[in-house]
1. Only one residue in 183, 114 is acidic (Asp, Glu), open to solvent by 40 Å² or more (accessible area, probe 1.4 Å), touching a residue at least 24 places away in the same chain (Cβ under 8 Å) and more than 16 Å from the ligand (Cβ to nearest atom). Which one?
2. Would you kindly identify the helices (runs of 4 or more DSSP H) lying entirely within segment 1-46 that contain at least 1 residues that are modelled with pLDDT of 95 or more, in the same structural domain as residue 59 (by TED's automatic domain parsing) and hydrophobic (A, V, I, L, M, F, W, C)?
3. Just a yes or no: is a residue in segment 277-293 part of a strand (DSSP E or B), buried (at least 24 other Cβ atoms within 10 Å of the Cβ) and either modelled with pLDDT of 95 or more or within 11 Å of the ligand (Cβ to nearest atom) (or both)?
4. Can you tell me which residue within segment 234-275, out of those that are within 13 Å of the ligand (Cβ to nearest atom), at pLDDT below 95 and more than 21 Å from residue 206 (Cβ to Cβ), is surrounded by the most Cβ atoms within 10 Å (Cβ to Cβ)?
5. What pairs come up if the first residue lies in segment 204-228 and is closer than 19 Å to residue 246 by Cβ, the second is assigned to a helix (DSSP H, G or I) and open to solvent by 20 Å² or more (accessible area, probe 1.4 Å), and their beta carbons are under 6 Å apart, counting only those six or more places apart or on different chains?
6. Tell me which residues, restricted to segment 129-170, are more than 15 Å from the ligand (Cβ to nearest atom), assigned to a helix (DSSP H, G or I), under 21 Å from residue 284 (Cβ atoms) and not hydrophobic (A, V, I, L, M, F, W, C).
7. Restricting segment 27-45 to residues that are of a type in the set (A, V, I, L, M) and surrounded by fewer than 17 Cβ atoms within 10 Å (Cβ to Cβ), which is farthest from residue 15 (Cα to Cα)?
Amino acid sequence: MHSINDPELRAVLRALTSVDRLVRMKPALELERIYGREATVKALRAALTDVRLALLDGMKPDTTAHGIIVDARRRLRMMFTATLRPVINATGVIVHTNLGRAVLSDAAQKAVVEASSHYVTMEYDLNEGRRSSHLNHTEILLKEITGAEAALVVNNNAAASLLALTALAKGKKVIVSRGQLGEMSGGFRVPDIIRQAGAKLVEVGTTNRTRARDYERAIDERTALILRVNGTTYRQVGFTDSAPVEEVAAIAHNHALLCVDDIGSGALLDTTAFGLVHEPTVQESLMGGSDLVWFSGDKLLGGPQAGILVGRAEIIDRLRRHPMARALRADKLCIAALTATLDHYRRGEASTHVPVWRMLSRPMDDLVKTLERWLVILKARVPDLHAEIIQTDSALRSGGLPGETTPTVALAVRVHGGADGLLMRLRQVETPIIARIEHDEVVFDPRTVFEHQEQALIDGICAALVASEV
Ligand SMILES: *Cc1c(COP(=O)(O)O)cnc(C)c1O
């Protein structure tokens, strides 16, 4: 440890270059051209300060102008690398909450660009030349597709829950089946939302069975509504809610209460037609007698983040007029993307145009062909590659469940260094690749990799393999 009185150290500190001198040097001017004056000066100053501190600590840092500018460049690069980056999703998880859930259709992407580059008729009536008072286009589409009397769009499904429960049940009781109270993806917890809405949760049934009469027995004069939660990310194996929506709705209506349904996934199409387990659809719930149904826009619906409420006009009206509605409202980019997505449903082309459904319905031989193509290219570039096509199962959404997977094929790569290291290096390549491990092999699922990402995928796998010395 040197003392500040050490003459040798004082000489080194005195000889140290200054920010003023550094900014005039050619490589620093280049940084300034890329990152701007202010950020460059800040980075140079930070780099210089660190050198000074290191010297005072008795260390031997690189005190040359070159060394300091290199360090400043590293800082600038780190600072300017976007934290929200495109990645290659090779997990096969189509609705992956940590990777931003649904990818939009081409039409929905275009709609977002349009809406963001122009003024739009967000709340404007072209005929009247003033603020529009009637339903917007999205809500008209929602009514048409679901058969509901009215619709309302808010920021996300958690917001939809909060708005509905606050407006309809504040200071009153909400009855929910015990088996439906689990945590959803993204940490959404039904009991927390009910409490936040100022309502009181009444749990009925046991954790593995709830019958219609369990609901009926719990009703008293303070009950506002019966809430059903179709947790897509939490459904106990073997759990049997033996109370279908028709029965629950009938009980609610017999007692002049509301029956409301949180559908979560927002399935507007029948999942069994795609070889999946049955997922309750919005239409089924409304047909079954629910007064109000809400769901996410970016799960199985395949649109932007949104919370959609559909149901009886008088109820939607109450929600629309609630002060909280303004605080939770969806923005124009969301409305643009959602409208374009819903348009695919109206045209009956959702399964071919909405990426979520297109991925769900990709035929097995198409997946195999894709994998064979990858394997040929990879083997040509990495001759001693240990890779093969395997049969496996994919979870289709994050936080998925046993029994909620679909049989699929994937590419399995084995490396000497162990799968963990390769998985980590795959995340560090230019377009980060997110894969998974199965039996100590790194597994790449082709279902969620877009065709335009294939080159980046191959390059990334090769770069990561070279770094891990196959
Ligand atoms: C996913 C989910 C939510 C939360 O939806 P967000 O769109 O993430 O706010 C709420 N309820 C259910 C049943 C869900 O599946």
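1. On the way: 183 fails: more than 16 Å from the ligand (Cβ to nearest atom).
Going through 183, 114 in turn, just one is acidic (Asp, Glu), open to solvent by 40 Å² or more (accessible area, probe 1.4 Å), touching a residue at least 24 places away in the same chain (Cβ under 8 Å) and more than 16 Å from the ligand (Cβ to nearest atom): 114.
2. Working: elements: 7-15, 19-23, 26-35.
Where helices (runs of 4 or more DSSP H) fall fully within segment 1-46 and carry at least 1 residues being modelled with pLDDT of 95 or more, in the same structural domain as residue 59 (by TED's automatic domain parsing) and hydrophobic (A, V, I, L, M, F, W, C), they are 19-23, 26-35.
3. We begin by selecting, within segment 277-293, every residue part of a strand (DSSP E or B); these are 292-293.
Keeping just the survivors that are buried (at least 24 other Cβ atoms within 10 Å of the Cβ) gives 292-293.
Now drop any that are not either modelled with pLDDT of 95 or more or within 11 Å of the ligand (Cβ to nearest atom) (or both), which leaves 292-293.
Yes, the conditions are met somewhere in segment 277-293.
4. 263
5. Within 6 Å, the pairs are 204/214; 204/218; 205/178; 205/214; 212/247.
6. 139, 143, 144, 146
7. Our first condition is that a residue be of a type in the set (A, V, I, L, M); within segment 27-45, this holds for 28-29, 31, 34, 39, 41, 43-44.
Within this subset, residues satisfying the condition of being surrounded by fewer than 17 Cβ atoms within 10 Å (Cβ to Cβ) are 29, 34.
Working: 29: 22, 34: 29 Å.
Restricting to residues being of a type in the set (A, V, I, L, M) and surrounded by fewer than 17 Cβ atoms within 10 Å (Cβ to Cβ), the top hit is 34.
Rundown of residues vs (1) more than 23 Å from residue 398 (Cα to Cα); (2) in a helix (DSSP H, G or I); (3) open to solvent by 60 Å² or more (accessible area, probe 1.4 Å); (4) of a type in the set (Gly, Ala, Ser), yes/no style:
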residue: 431; (1), (2), (3), (4): no, no, no, no
residue: 443; (1), (2), (3), (4): no, no, no, no
residue: 447; (1), (2), (3), (4): no, yes, no, no
residue: 453; (1), (2), (3), (4): no, yes, no, no
residue: 459; (1), (2), (3), (4): yes, yes, yes, no
residue: 462; (1), (2), (3), (4): yes, yes, no, no
residue: 466; (1), (2), (3), (4): yes, yes, yes, no
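The values are calculated or read from the model by the stated rules, or taken from the named source; none is laboratory data. Not measured: the values here are computed from a predicted model. Methodologically, a virtual Cβ is constructed for each residue, glycine included, from the backbone with ideal geometry; neighbour enumeration extends over all protein chains shown. In case anyone asks, the SASA skips ligands and DNA or RNA and just uses the protein heavy atoms, side chains included. Shrake-Rupley method; radii C 1.70, N 1.55, O 1.52, S 1.80 Å.
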